[in-house]
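Right, one structure below, let's go through it.
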Amino acid sequence: MAVADARAMHPSLTLAEADLLAEAALLASIADWCRRFTPLAAIDPPDGVMLDVTGASHLFGGEAAMLDEVERRLAAQGFAVRVALAPGPALARALVRFSPVRCAPAESSPEDIANIAAHLPIAALGLAEAARTLARAGLRHVGDFLSRPRAPFAARFGPDINARVDALLCRAREPISPRFEAPNYMAERRFATGLARLEDIEATLAALSRELCALLERHGVGARRLAAAFYRVDGAVRHIEAGTSRPLRDPALMGSLLRERLAVLDGDGLDTGYGFDTLRLGAMEVERCDPPQTTLGPACDSSGVASVGGEAPDLADLIDRLGARLGLRRVLRLYPQDAHIPEFAVAALPAAYAPTGPSSRRSCEPEGSRSGSRWTASLQARKSIGESLAPLRPLRLFERPEPIDAVALTPDGPPLRFRWRRALHDVAAYEGPERIAPPWWRVAGEARTRDYFCAEDREGRRFWLFCEGLGEREGAPPRWFMHGLF
Amino acid sequence: MSQSGSSEKILFLRRAIAAIEARGGQGNARYGRIGYGRLNERPRRFGSVSRDPFERLLDEGAVGGMSEIVPARPGDEAAAAGFAFALALRRLSMRPRSGVVWIAEDMVAREIGLPYAKGLEAAGVDPERLVLVRTRRPRETLWAMEETLKSKAVAAVVAETWIAPGAYGLEASRRLVVAARRGAGAGLLLLAKAAGEAARFTSAAPTRFEVASSVVQRAGADAFARARRLPSPGPPAWRARIVKARAGPFGAGADCDPSCWRDLVFDPDKALLRYALPLRFPAALGDRPDSSPAAQRLCGGRRSV
């Protein structure tokens, strides 16, 4: 109906622009909320939510009781809601929109399903074009379709129509695509009334960690990524996640990691409001984690969990704890790279996701053996070329070189005086140049040759400067930059 | 050296010879020609007592404890960070299996950059033993330092913060001191913003160093001046003084003179600090021994400066 017609019928009609984004967000939050019933919840656009409740309905007292529960809780939140349950998603989708039947039980026989489906209108197949043509031919219900041979339909409307019918009759398996993957291992607590005190929530999380760890232990795995979900009684859902640097199966450590995440949230996040009535803790990613071999010698692993990641366990725990509060991207380890340009010679990668090479299995080796270190080669190189008294590289490097004004006697000579951050420095001693050229296989003109100098000013401060560009040869006039401090 | 007499000296000499041999007979050319003051040749064991209060403090910090490091002037932050690194390295050499956690605040990274792994490596530490933590605010820095100090796996924590000295007070420092006592590592807190205010704020930390970049008196500077050439810089050097030292288990304190500045040189090979005497110039680049294997074969490995 056009707006003008509607206005003519009801002059007091209020019009509002459809906000599709807000609707999608609301639908997503409803789907998240529905994950309290089952971990597999998918959005069924434009206005539906699809839950895979296989194996979950008995927790709510059977299928009919579960449907009632979903309907009651959503209605309590103010939604006009229709629910239906069927052995397949297509049938459920059709029942909820076109049929008074609410529940086709999982154990229904194919005949029962065909009976239920027969009363659905053709539109339930979801093929608008075909539905119009079929209606003109006098076929109004799916039953009319079922009682006739299928081949002519496929010839007329394409093979899609038969696939739709099979899906509707639950003969073909049709998966749903859930919004979040279901955790492989999870533990859950439900409460009659909401938990509002943070202490209670933490205690519950500790209990859940114990449950989850027992589960993980039985399967011989440890968690690499944990996710906790909090379902508030008024429908809001909060998620927290914590990553670990090695497979974790220690309830105390798990609890402390989650506490750190909660503490960070506290400023703006975990608003307990009326309280949370369902708490769920899942291990989203797991890795094999065998119990450690105990030896008679000095133990190299004091906790009960093997350190597959290879760190000393205390250090790995520390990395996890710092990462949980500060963010995993802020706890870094440094790795050498095959590059001569100084800023690319080292990569800082999150310590939690760091590659575990042979070098990281050193915790049990005799001390002093550096055989595995990634840095060994260059450590030895330093010994052989290190006749210079000044260190070759600065202790501090700026994230990006800062432009400075420098005066040099000759175009390729050392700086005599330079101005950095508005302060003038006179060079009293220097060493260099050390020429670092950009890789020749790169496009010329993008990167330019650098001449590095280590310069000491009259007050004894040391700087690592470079002059970019070799005068006329590379086009633009040379520019000076400050790159590091000693 | 110490009271234990000649056997320790002989042990030291043996080690020195072994070190020379390990370098392919090049000799101690690297440091042999430079005058140094008293040698503090290796980290002491727990319990042995050195006579110099400064050394004693360095050692005392090494068995766990909390020190503050304050730059003497604005612009000396990098020198103070270098000194903190030297102390951390010293502690690391005592506990070869543990790691160092370096906490760098974003503001400090903007001012003096981030620790550079190639430089750390050049100074003699395996960067694999380092964990770099980047924080946004001083509060996070202090929290991360406290957590790290409690851990048993860390030899030293270096935290660089841009906290105002007024905001960093007794309470914050007391927490760190208590955490350091519980854990095994040494805490080194670099207060980069407090340049020049080392004597002007209070905290609960037992030790506070003030560090400046060092102007080493070079012998023969006039020769270079006559030749109109600039010399090359020597090994890393700092000037440091103890602003505050609470009487520890070794009874430091009374004989530490806060007005006494000490020139220190860092020796990365042995991971220790030495007193610097006026330096002679290192040989100019062209005069240094060629360390390529071919050249060594040519000279029978005996050529030295």
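The values are calculated or read from the model by the stated rules, or taken from the named source; none is laboratory data. Quick caveat, the model's predicted, so the values are computed rather than measured. Here the Cβ positions follow ideal geometry from the backbone for every residue, glycine too, while neighbour counts run over all protein chains shown. What goes into the accessible areas is simple: the full protein's heavy atoms, side chains included, and nothing from ligands, DNA or RNA. Shrake-Rupley method; radii C 1.70, N 1.55, O 1.52, S 1.80 Å.
Is there a simple number for the mean count of other chain Cβ atoms within 10 Å of the Cβ of residues in A:453-462, and what is it? Intermediate results must be reported in sequence, preceding the final value.
Values: counts 0, 2, 2, 10, 3, 1, 8, 12, 10, 8.
Per residue, the average neighbour count from other chains is 6.
Using alpha-carbon pairs under 8 Å, 6+ residues apart, how would you state the relative contact order of the range A:396-485 in percent?
The normalised contact order for the range A:396-485 reaches 28 percent.
How many Å² of accessible surface get buried when B and A come together, counting both sides, probe radius 1.4 Å, rounded to the nearest 100? Could you put the intermediate results ahead of the total?
Details: alone 15900 and 28600 Å², together 38340 Å².
When B and A are taken together, about 6200 Å² of accessible area is lost.
Quickly rank A:72-81, A:30-39, A:211-220 as a protection proxy: mean count of other C-beta atoms within 10 Å, highest first. Before the final figure, lay out the partial values.
Working: A:72-81: 12.3, A:30-39: 20.3, A:211-220: 16.6.
The densest-packed peptide leads the list: A:30-39, A:211-220, A:72-81.
Using a ≥ b ≥ c from the Cα gyration tensor of the range A:396-485 (square roots of the eigenvalues), is it rounded, prolate or oblate, where a/c under 1.5 gives rounded and otherwise the larger of a/b and b/c decides, a/b for prolate? It would help to have the intermediate numbers written out before the result.
Values: a/c = 1.98, a/b = 1.66, b/c = 1.19.
Prolate, since a/c reaches 1.5 and a/b exceeds b/c.
As I understand it, the value is the acute angle between the Cα axis of helix A:313-326 and the longest principal axis of the Cα atoms of chain A; what does it come to in degrees, rounded to 10?
70 degrees
Roughly how crowded by other chains is peptide B:104-115, in terms of the mean Cβ count from those chains within 10 Å of each of its Cβ atoms? Write down the numbers at each step before the final one.
Values: counts 3, 0, 2, 0, 1, 4, 2, 4, 6, 13, 10, 7.
What the average comes to for B:104-115 is 4.
Using packing as a proxy for protection, rank B:201-210, A:406-415 so that the peptide with the highest average count of other Cβ atoms within 10 Å comes first. It would help to have the intermediate numbers written out before the result.
On the way: B:201-210: 21.1, A:406-415: 15.2.
Peptide ranking by packing, descending: B:201-210, A:406-415.
Would you mind checking the tilt of helix A:63-76 against the longest principal axis of the Cα atoms of chain A, expressed as 0 to 90 degrees and rounded to 10?
Rounded to the nearest ten degrees, it is 70.
Between residue A:6 and residue A:252, what length in nm is gained on full extension when 0.36 nm per residue of separation is reduced by their alpha carbon distance?
Details: separation 246, 0.36 × 246 = 88.56 nm, distance 6.34 nm.
Separation in residues times 0.36 nm, less the Cα-Cα distance, equals 82.2 nm.
To the nearest 20 debye, what charge dipole does the range A:396-485 have about its Cα centre, counting +1 at the Cβ of each Lys and Arg and -1 at the Cβ of each Asp and Glu?
On the way: 15 positive and 15 negative charges, 49 e Å.
The dipole of the range A:396-485 has a size of about 240 debye.
Counting every Cα pair in the range A:24-168, what percent are over 28 Å apart? Please report the intermediate quantities before stating the final value.
Numbers: 2642 of 10440 pairs.
Cα-Cα pairs in the range A:24-168 separated by more than 28 Å: 25 percent.
Compare A:141, A:425, A:58 by solvent-accessible area with a 1.4 Å probe and give them largest first, with all protein chains kept in place.
Values: A:141 80, A:425 20, A:58 125 Å².
Ranked from most to least accessible, the order is A:58, A:141, A:425.
Could you give the dipole magnitude of chain A about its Cα centre, charging the beta-carbon of Lys and Arg +1 and that of Asp and Glu -1, in debye to the nearest 20?
Details: 61 positive and 63 negative charges, 110 e Å.
Roughly 520 debye, rounded to the nearest 20.
To the nearest 500 deg cm²/dmol, what mean residue ellipticity at 222 nm is calculated for chain A from DSSP H runs of n ≥ 4 alone, each contributing -39,500 (n - 2.57), summed and divided by the residues? Write down the numbers at each step before the final one.
Numbers: 13 runs with 146 residues, N = 486.
Taken over chain A, the calculation gives -9000 deg cm²/dmol.
Place the peptides A:13-20, A:146-153 in order of packing, highest mean first, counting for every residue the other Cβ atoms within 10 Å and averaging per peptide. If you can, show how the numbers build up before the last one.
On the way: A:13-20: 7.2, A:146-153: 11.4.
Result, highest mean first: A:146-153, A:13-20.
Normalising by the residue count of chain A, find the relative contact order in percent from Cα pairs under 8 Å and 6+ residues apart. Mind showing how you got there, number by number?
Working: 753 pairs, mean separation 42.4, N = 486.
It rounds to 9 percent for chain A.
Across peptide B:229-241, what mean number of C-beta atoms from other chains lies inside 10 Å of a residue's C-beta? Mind showing how you got there, number by number?
Values: counts 1, 9, 5, 10, 15, 6, 4, 6, 3, 1, 1, 0, 0.
Partner Cβ neighbours, averaged per residue: 5.
Roll a 1.4 Å probe over the protein heavy atoms and report the accessible area of residue A:341 in Å², nearest 10.
Per-residue accessible area (residue A:341): approximately 20 Å².
Assigning unit charges at the beta carbon (Lys, Arg +1; Asp, Glu -1) and nothing else, what dipole magnitude in debye, to the nearest 20, does the range A:185-288 show about its Cα centre?
Working: 15 positive and 16 negative charges, 82 e Å.
Roughly 400 debye, rounded to the nearest 20.
Using a 1.4 Å probe on the protein chains only, how many percent of the accessible area of the range A:24-168 belongs to carbon and sulfur? Can you show the working numbers first?
Working: 4220 of 7280 Å².
Roughly 58 percent of what the probe reaches on the range A:24-168 is carbon or sulfur.
Leaving ligands, DNA and RNA out of it, work out the accessible area of residue B:150 with a 1.4 Å probe and give it in Å² to the nearest 10.
In the full protein context, residue B:150 sits at about 60 Å².
Could you pull the Rg and Dmax for chain A, using just the Cα atoms, both in Å?
Both quantities, over Cα of chain A: 33.5, 100 Å.
Could you bin all the Cα-Cα distances of the range A:185-288 into 5 Å bins starting at 0 and give me the percent of pairs in each, rounded to whole numbers?
3, 14, 26, 25, 17, 10, 5, 1
When DSSP assigns beta bridges and you keep just the ones with both residues in chain A, what percent turn out antiparallel, to the nearest 5? All intermediate terms of the calculation are to be shown ahead of the outcome.
On the way: 69 of 71 bridges.
Just about 95 percent of them are antiparallel.
In what order, largest first, do A:353, A:430, A:274 sit by accessible area if the probe radius is 1.4 Å? Kindly include the intermediate steps, with their values, before the conclusion.
Numbers: A:353 130, A:430 55, A:274 170 Å².
From most accessible down to least: A:274, A:353, A:430.
Shape call for the range A:177-241 from the C-alpha gyration tensor, a ≥ b ≥ c root eigenvalues: rounded (a/c under 1.5), prolate (a/b greater than b/c) or oblate? Could the numbers behind the result be given before it?
Numbers: a/c = 2.29, a/b = 1.34, b/c = 1.70.
Oblate, because a/c is 1.5 or more while a/b does not exceed b/c.
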